[in-house]
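Take a look at the structure below.
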Amino acid sequence: MNSNAFDILRERGFVAQVTDEPAVRALLGAGPVTFYIGFDPTASSLHCGSLVPIMAMAHLQRAGHKPLGLIGGGTAMVGDPSGKTEMRKMLDFDAISSNGLGILGQLRRYLNLDGAAGLSANNADWLLKLNYIEFLRDIGRYFRVNEMVRAEAYRARLEREEGLSFIEFNYQLLQAYDYLSLFERHGCLLQMGGDDQWSNILAGTDLIRRKHGKQAFCITFPLLTTARGEKMGKTATGAVWLDAARTTPYDFYQYWINTDDRDVRRFLALFTFLPMDEVDRLGSAEGAALNAAKARLAFEATLLCHGEAAALEARAASQAAFGVGGDLNAIPSTRVSPARFSEGIALVDLLVETGLAASKGEARRLMQQGGAHVNDVSVHDIQARVGPAEIRDGALLLRAGKKKVHRVIISS
């Protein structure tokens, strides 16, 4: 290890809070440490917001430490109230298991979880076997309700009309028990997670201390929002998923290339493995050079998530869509039969059909505001139809705003 792994996390912007910083720094500087982060499989895919913990794990593994990716197959059946204003939708076991397999596959793109360099586990293996009375006697006796309700995750929910269900109230005990179980099974000494998990992780360190008299540690990450105040990984049309079937590599690439100027350096530090001197150089650029820095961010992020071939194709499609060379065939496309074009298709319908607008109402507003383009010509008339006159070399190019492009191919 050439530099302390904690310093790497701190420099790149991953650290919000840490228990006993000098001790954590010494721990990570002394030799390989087994650490973990939990991912509850409440959906079939993670989204861009999950890349903060994933990249932190990857940086620690590159520094010589041993990650354990924990799939929350047990805790997902309860639901974490942290950051939620209402109770999560309850999922059945089969859905949770399927989601967990998908998420584990996504973690493996970034981490080596071969059993030697890194590990994976599912807390369903121990949580679903718990005997309730034994759990209360062995674990529940270490917790104090008056301390638990002071935690922000619980306090915020208790102040709302919806309240907090008893099943959710148990979540902190289960997460703490996870930490204890991984400490006992694998020698885990460090748990990391989002800053909204601070009280839950501390509950685990306290449980280990009370039960075994040993010290364990915690690092939390900042809860990221963009410079525009948007939640990381969210767009007007929904989440930016790591699953290519839910967010195409092209759309994934476009999400990063459309990064706000103020976020470029921060995102390069968090979401790539570029050296920090290069991050500083790219992040301080202006004008055309800053656009090149965004393209580098987009390529690096897409490369890590989807592989080199998909990243190259997404970059070529983006370049073609915005008139700087590249392959037009790589642009997201929809095939429409010539017969439908013979009498013209309402542009409103075509914008919805191609996914450039979520509804006809949104399509009309887009046109009225001058954001809808056919072959780079702005169309304001909400009654406009697109027909044979707009076809160029068997296709036409639609654009919504400055950033969303779709190719319509006329083909039977």
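The values are calculated or read from the model by the stated rules, or taken from the named source; none is laboratory data. All of these numbers come straight from a predicted model, not from anything done at the bench. Reconstructed Cβ throughout: ideal geometry from the backbone, glycine too, with neighbour counts over all protein chains shown. Note: accessible area is taken over every heavy atom of the protein model, side chains too, but ligands, DNA and RNA are not part of it. Shrake-Rupley method; radii C 1.70, N 1.55, O 1.52, S 1.80 Å.
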*Within region 7-42, count every residue that is surrounded by fewer than 18 Cβ atoms within 10 Å (Cβ to Cβ), aliphatic (A, V, I, L, M) and in contact with a helix residue (DSSP H, G or I) (Cβ under 7 Å, 6 or more places away or on another chain).*
1
*Taking region 116-131 as the region of interest, how many residues are surrounded by 14 or more Cβ atoms within 10 Å (Cβ to Cβ) and in contact with a Gly (Cβ under 7 Å, 6 or more places away or on another chain)?*
5
_Residues located in region 150-177, provided they are open to solvent by less than 50 Å² (accessible area, probe 1.4 Å) and modelled with pLDDT under 75_ = Ala151, Ala153, Tyr154, Ala156, Arg157, Gly163, Leu164, Ser165, Glu168
_For region 261-281, give me each residue that is within 21 Å of Tyr110 (Cβ to Cβ), β-branched (Val, Ile, Thr) and more than 16 Å from the chain's Cα centre (by Cα)._
Val279
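Quick one: is Leu113 part of a loop (DSSP other than H, G, I, E, B), on the phi < 0 side of the Ramachandran plot and open to solvent by less than 50 Å² (accessible area, probe 1.4 Å)?
Yes: the conditions hold for Leu113.
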*Where in region 276-351 are there helices (runs of 4 or more DSSP H), lying fully within it, with 2 or more residues that are under 25 Å from Gly371 (Cβ atoms) and at pLDDT 85 or above?*
288-306, 308-321
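To keep it simple, each residue is scored yes or no on (1) of a type in the set (Phe, Trp, Tyr); (2) open to solvent by 20 Å² or more (accessible area, probe 1.4 Å); (3) within 25 Å of Arg25 (Cβ to Cβ); (4) within 17 Å of the chain's Cα centre (by Cα).
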residue: Tyr179; (1), (2), (3), (4): yes, no, yes, no
residue: Arg185; (1), (2), (3), (4): no, yes, no, no
residue: Ile201; (1), (2), (3), (4): no, no, yes, no
residue: Cys218; (1), (2), (3), (4): no, no, yes, no
residue: Arg228; (1), (2), (3), (4): no, yes, no, no
residue: Ala245; (1), (2), (3), (4): no, yes, no, yes
residue: Asp251; (1), (2), (3), (4): no, yes, no, yes
*Within the set of pairs 6+ apart or on separate chains, which have a first residue in region 375-402 that is within 12 Å of Leu347 (Cβ to Cβ), a second that is modelled with pLDDT of 75 or more and among the basic types (Lys, Arg), and C-beta atoms under 7 Å apart?*
Ile382/Arg364
*asked:* Return the pair list, or none, for Cβ contacts closer than 8 Å from residues in region 200-228 that are closer than 15 Å to Leu190 by Cβ and in a helix (DSSP H, G or I) to residues that are open to solvent by 80 Å² or more (accessible area, probe 1.4 Å) and of a type outside the set (Lys, Arg), at least 6 apart or on different chains.
replied: Thr205/Gln215; Ile208/Gln215; Arg209/Gln215
